[in-house]
Amino acid sequence: MTDSTPAPSPSPRLPRGRRYAVRTLLAIATVLALLSIVAVWANRQLLNADNWATTSTALLENSAVRTAVSGYVVDQVYANVDVSGELAGALPTRFKPLAGPAAGGLRNVAQDLTDKALGLPQVQQAWRGANKLAAERFIAIAEGKSTYVRISGNTVYLDLGALVTDVGGRLGLPADLIAKIPPGAGRVAIVNSRQASAVQSVTAALRGLALVLPLLGVALFALAVGLAGGRRRQTLRAVGWCLVLAGAIALVARSVVGQRVVDSLAQTDAVKPAAQATWDIGTSMLHDISWATIAIGVPVIVAAWIAGPMRPAHALRGAAAPWLRERPEIVYGVAAALVLLVIAWGPIPATRMVLPVLLMIVLVALGVAALRRQVAVEFPQATVSGAQTAWQERWTHARKSVGARFSQLGDRAAHLRDGSRPALGEGAGPAGQSGNGAPAAISPSERIALLERLASLHERGVLSDAELAAEKAALPPAARAA
């Protein structure tokens, strides 16, 4: 059987100076965790051409964004080609006044066709390629490695000229007319030469911060736990809450800032859905990183609770102590199965990345090892055989108690149907008395059960009012007092 060692007493209070030092370290580490979320997101989103292209493809798959893009592309066609004039030249003289309305009607048709075309796989692939090329050029400038543009007098563009030309063809414009569309049609400026120097400075800092900030935050959290001395478990729990807080603040900030950005960019309600979708998709990785931070903090809190002095936690450790002490292969096997289940489930993108998964495995292994050391001190006599024997004894006792209770209620019901009044207590004495004539002990649950049984029989007409009163009189005084 497991050792009945009492739950550990609360840890002593830290000296004032050390207590404030621990709190200061936790506060600074929380701020660094929040900044790390932003830095890692910016580094992955802005300085990775593949991520940029993936995000741009997701944008085009959104109906609101696709509508806005199709409208922009058609506007570029009409801005560079005199569609009304071309129609007037092709129409008879008396129909020339209809060229303007026809061009307007054709514009709506063109936008619908372009919207559908943007949903085609080959068009989306072209869109992805254009965005990836723009991202590569932007990153090259940001890192000072540009082979496409010079720092002075140049601008990085997202080139949608191919889509503009394609729309012109879908409108049925002659090839010679489409050829007149200038090469710059459909270009969207991303960064100009005046911004390049600032971008390079920010990029250099961002590359470093994305690595330094997380490492520094982890180091400060570890230092806080180390300085906590006898209150390390409470400090570890505080670390978990700090991570949860950092992730929650990042999520709230994303929502608040996003609302302001959308309001500033979308001057009309017609383009607000596209602007909102652009923000949501563009910051989706920030959303994922924030939730990953929360997902790291929650197990830390749970681990600190399991190691704590609360009675449920102590009882849980006591129940698991025999296997933690004598069957480490089972314990580590269960932990590995849980980790594999989380990886297979993949609730957040971090569980599908190599480094976060390795970190999770290391933390789980360290947590199990620490728990084994703790229960070895708290329950030194716990054995698997003793635990199995204890569970068998509990099961046997519970089965006998339930069987005896059902048998007693069955006998009582049978006697009530026969009109007899058997003794409610054990032995052969008078009703409600033991064999030596003393009142039989009756538990509250038994008293309630007997009264409920009598009431049920009375309601069904088995007992009359007089019989019910007689049966109640036959109960022990304690039962009648209920």
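The values are calculated or read from the model by the stated rules, or taken from the named source; none is laboratory data. Small disclaimer: the values here were computed from a predicted structure and weren't measured. Methodologically, a virtual Cβ is constructed for each residue, glycine included, from the backbone with ideal geometry; neighbour enumeration extends over all protein chains shown.
Could you please find all residues in region 364-415 being surrounded by 13 or more Cβ atoms within 10 Å (Cβ to Cβ) and over 21 Å from residue 325 (Cβ atoms)?
405, 408, 409, 412, 413, 415
Taking region 462-479, which residues are in contact with a helix residue (DSSP H, G or I) (Cβ under 6 Å, 6 or more places away or on another chain) and modelled with pLDDT under 70?
Scanning region 462-479 gives 463, 479.
Out of curiosity, is residue 350 closer than 18 Å to residue 37 by Cβ and touching a residue at least 24 places away in the same chain (Cβ under 8 Å)? So that I can check it myself, show each step before the final result.
Numbers: closer than 18 Å to residue 37 by Cβ: yes; touching a residue at least 24 places away in the same chain (Cβ under 8 Å): yes.
Yes: the conditions hold for residue 350.
If a residue counts only when it is basic (Lys, Arg), at pLDDT 85 or above and under 30 Å from residue 215 (Cα atoms), which helices (runs of 4 or more DSSP H) contained entirely in region 1-119 have at least 2 such residues?
16-46
Is it the case, given these coordinates, that residue 218 is under 30 Å from residue 310 (Cα atoms), of a type outside the set (Ser, Thr, Tyr), out of contact with any Lys or Arg (no Cβ under 6 Å at 6 or more places or on another chain) and surrounded by fewer than 18 Cβ atoms within 10 Å (Cβ to Cβ)?
On the way: under 30 Å from residue 310 (Cα atoms): yes; of a type outside the set (Ser, Thr, Tyr): yes; out of contact with any Lys or Arg (no Cβ under 6 Å at 6 or more places or on another chain): yes; surrounded by fewer than 18 Cβ atoms within 10 Å (Cβ to Cβ): yes.
In short, yes.
If you take the residues of region 283-294 that are assigned to a helix (DSSP H, G or I) and in contact with a Gly (Cβ under 9 Å, 6 or more places away or on another chain), which of them is surrounded by the most Cβ atoms within 10 Å (Cβ to Cβ)?
293
The rows are residues; the columns are (1) of a type in the set (S, T, N, Q); (2) in contact (Cβ under 8 Å) with a residue 40 or more places away in the chain.
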residue	(1), (2)
214	no, yes
222	no, no
227	no, yes
253	no, no
276	yes, yes
288	no, yes
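Quick test for you: out of 239, 252, pick the one residue that is over 25 Å from residue 57 (Cα atoms), under 25 Å from the mean Cα position of the chain (by Cα) and surrounded by fewer than 17 Cβ atoms within 10 Å (Cβ to Cβ).
252
Among the residues of region 306-313, are any in a helix (DSSP H, G or I), out of contact with any Lys or Arg (no Cβ under 8 Å at 6 or more places or on another chain) and of a type in the set (Val, Ile, Thr)?
No: zero hits.
Return yes or no: is residue 212 surrounded by fewer than 16 Cβ atoms within 10 Å (Cβ to Cβ), assigned to a helix (DSSP H, G or I) and modelled with pLDDT of 80 or more?
Working: surrounded by fewer than 16 Cβ atoms within 10 Å (Cβ to Cβ): yes; assigned to a helix (DSSP H, G or I): yes; modelled with pLDDT of 80 or more: yes.
When the stated conditions are applied, residue 212 passes them.
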